[in-house]
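Colleague: Pasting a structure below so you can have a look.
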Amino acid sequence: MGKLDVKILRYLTPEDFRVLTAIEMGMKNHELVPALLATQIANLRYGGVHKLLKEMCKHKLLSYERGKRYDGYRLTNAGYDYLALKVLTQRETIRSFGNQIGVGKESNIYVVANEEETSFCLKLHRLGRTCFRNIKGKRDYHQHRHSASWLYLSRISATREFAYMKALLDRGFPVPKPIDFNRHCVVMELVEGGPLCNINEVDNVEALYDELMDLIVRLANHGVIHGDFNEFNIMIKDDGKPVIIDFPQMVSTEHENAEAYFERDVNCIRDFFKRRFGYESELYPTFQDISREDSIDAEVKASGFARQIEKEIDTFLTENGIDYKEEKDNEDSEDSEEETYENCVDNIEDLKCQLKDLQLQNEIVVKEEFNASIRDPV
Ligand code: ADP
Ligand code: MG
């Protein structure tokens, strides 16, 4: 897993960031962004841009690749990280970097701090890539199609997480306080304590069990199911109180498979308590116990975060006087809608292999969001 060399942030000039952003924008419709297009989007001199592009390839923020019909640049993980971190630094949300404290299924987690030296947790969402190298053959054609959609998937994942955390905190749920987000990065309160999976003894097993089951029901009463409510996503604070984390996969209680997800969350806790503490109870909630009192699911959907992403990109293009549609070259204009859809479906396949036990859920949720984000522009 790539180390984050944050020192580079200090060396990159405003022009560097302009060029990086231009590649990001270009990747909206191009799998590889030709230097000329990058120059037009960045609105800088061609010669200057060319030099900057080469420099950023050296730092591995961009990679230069040969495509079937043309060559071009694309953003690497590190390049995308730096774009987000630059924004978070400029906003003074973060100032310094600490250790990496976790590598999740779909994320890297770091400790960061602000000016006042308050520590926070930084979660970098990483979706839709790791598996695709293992898939050979038919992937050749699609190889570059993947490059753009991991950007969107990771970004949607982070945005969802932030939106849910905020809605949950507002209603008094024990979740980390969301601080800020940009692109695929979320900054949140750092929970002092450790995940439940590392805990072998608790003062009152029954009380903790009841509290967790209560939380599952309360979430459902507010219209949502966590969807991955297990010992890795429940932190136990030093005072013994649970804090719930990891929300990108949350689903609505209106979802067609809601009952199955609900039961799975409940069973995760039952199984873990039996395994770890030898604790079994006849009391556990069922889907019928839900009494709806609020609609976090609808609220988060209505906030239109996926569409927001599209809007930002369009704004950037408009502000820079670029009529994007006219800039599409022949290759992309042939059947771009279908290919975009294809692009998305391919990513879902990758997602599946990354998230084995969450397969179905993520397939549906992310696919819906992703489709929404590419189908309903503006
Ligand atoms: P993933 O989606 O990759 O599973 P998580 O959000 O579950 O990511 O985070 C992975 C790990 O990072 C957690 O199990 C936990 O140990 C740590 N972690 C995540 N968020 C926080 C936080 N706010 N404070 C402290 N540790 C955290
Ligand atoms: Mg997790």
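Colleague: Out of the residues in the stretch 239-268 that are within 16 Å of ligand 2 (Cβ to nearest atom) and part of a loop (DSSP other than H, G, I, E, B), which is nearest to Tyr152 (Cα to Cα)?
Modeller: Residue satisfying both the conditions and the ranking: Pro248.
Colleague: Right, next: What residue, of Glu106, Glu65, Glu92, Glu115, is within 16 Å of ligand 2 (Cβ to nearest atom) and modelled with pLDDT under 95? Write out each step before concluding.
Modeller: Working: Glu65 fails: within 16 Å of ligand 2 (Cβ to nearest atom); Glu92 fails: within 16 Å of ligand 2 (Cβ to nearest atom); Glu115 fails: within 16 Å of ligand 2 (Cβ to nearest atom).
None of the other options fit; the residue is Glu106.
Colleague: Could you count how many residues in the stretch 184-230 are buried (at least 17 other Cβ atoms within 10 Å of the Cβ), assigned to a loop (DSSP other than H, G, I, E, B) and within 9 Å of ligand 1 (Cβ to nearest atom)?
Modeller: The qualifying residues number 3.
Colleague: Same structure again: Residues that are among the β-branched types (Val, Ile, Thr): list the helices (runs of 4 or more DSSP H) wholly contained in the stretch 6-110 that include at least 2 such residues. Let's see the steps before the verdict.
Modeller: Working: elements: 7-11, 14-26, 35-42, 46-58, 77-90.
Answer list for the stretch 6-110: 14-26, 35-42, 77-90.
Colleague: Inspect all residues belonging to the stretch 41-58 and state whether any of them is open to solvent by 50 Å² or more (accessible area, probe 1.4 Å), under 27 Å from the mean Cα position of the chain (by Cα) and modelled with pLDDT of 90 or more.
Modeller: yes
Colleague: Restricted to the stretch 111-128, and to residues that are assigned to a loop (DSSP other than H, G, I, E, B) and closer than 17 Å to Gln249 by Cα, which residue is farthest from ligand 1 (Cβ to nearest atom)? Before the answer, list the steps.
Modeller: Taking the stretch 111-128 as the starting set, the residues that turn out to be assigned to a loop (DSSP other than H, G, I, E, B) are 114-118, 126-128.
In the following step, the residues that additionally are closer than 17 Å to Gln249 by Cα were identified as 126-128.
Values: Arg126: 8, Leu127: 9, Gly128: 13 Å.
Within the stretch 111-128, the match that is farthest from ligand 1 (Cβ to nearest atom) is Gly128.
Colleague: Another one. Looking only at residues that are touching a residue at least 60 places away in the same chain (Cβ under 8 Å) and open to solvent by 20 Å² or more (accessible area, probe 1.4 Å) in the stretch 163-177, which one is nearest to ligand 1 (Cβ to nearest atom)? Before you say what the answer is, go through the steps one by one.
Modeller: Start the filter on the stretch 163-177 by keeping residues that are touching a residue at least 60 places away in the same chain (Cβ under 8 Å), which leaves 163-165, 167-168, 171, 173-176.
Now narrow it down to the ones that are open to solvent by 20 Å² or more (accessible area, probe 1.4 Å): 163, 171, 174.
On the way: Ala163: 15, Arg171: 18, Pro174: 12 Å.
Among those that are touching a residue at least 60 places away in the same chain (Cβ under 8 Å) and open to solvent by 20 Å² or more (accessible area, probe 1.4 Å), it is Pro174.
Colleague: Over 19 Å from Cys121 (Cα atoms), of a type in the set (Asp, Glu) and surrounded by fewer than 23 Cβ atoms within 10 Å (Cβ to Cβ): is that true of Asp180 in this structure? If you could, list the steps in order and put the result at the bottom.
Modeller: Numbers: over 19 Å from Cys121 (Cα atoms): no; of a type in the set (Asp, Glu): yes; surrounded by fewer than 23 Cβ atoms within 10 Å (Cβ to Cβ): yes.
So Asp180 does not fit the description; no.
Colleague: Being open to solvent by 30 Å² or more (accessible area, probe 1.4 Å) and within 11 Å of ligand 1 (Cβ to nearest atom) is the filter here; which residues of the stretch 236-248 pass it?
Modeller: Residues of the stretch 236-248 open to solvent by 30 Å² or more (accessible area, probe 1.4 Å): 237-241, 245.
Scanning the stretch 236-248 gives Lys237, Ile245.
The values are calculated or read from the model by the stated rules, or taken from the named source; none is laboratory data. Keep in mind it's a predicted model, so treat the numbers as computed, not measured. Don't worry about glycine lacking a Cβ; one is built from the backbone with ideal geometry, like all the others, and counts go over all protein chains shown. Calculation scope for accessible area: heavy atoms of the full protein, side chains included, ligands and nucleic acids excluded. Shrake-Rupley method; radii C 1.70, N 1.55, O 1.52, S 1.80 Å.
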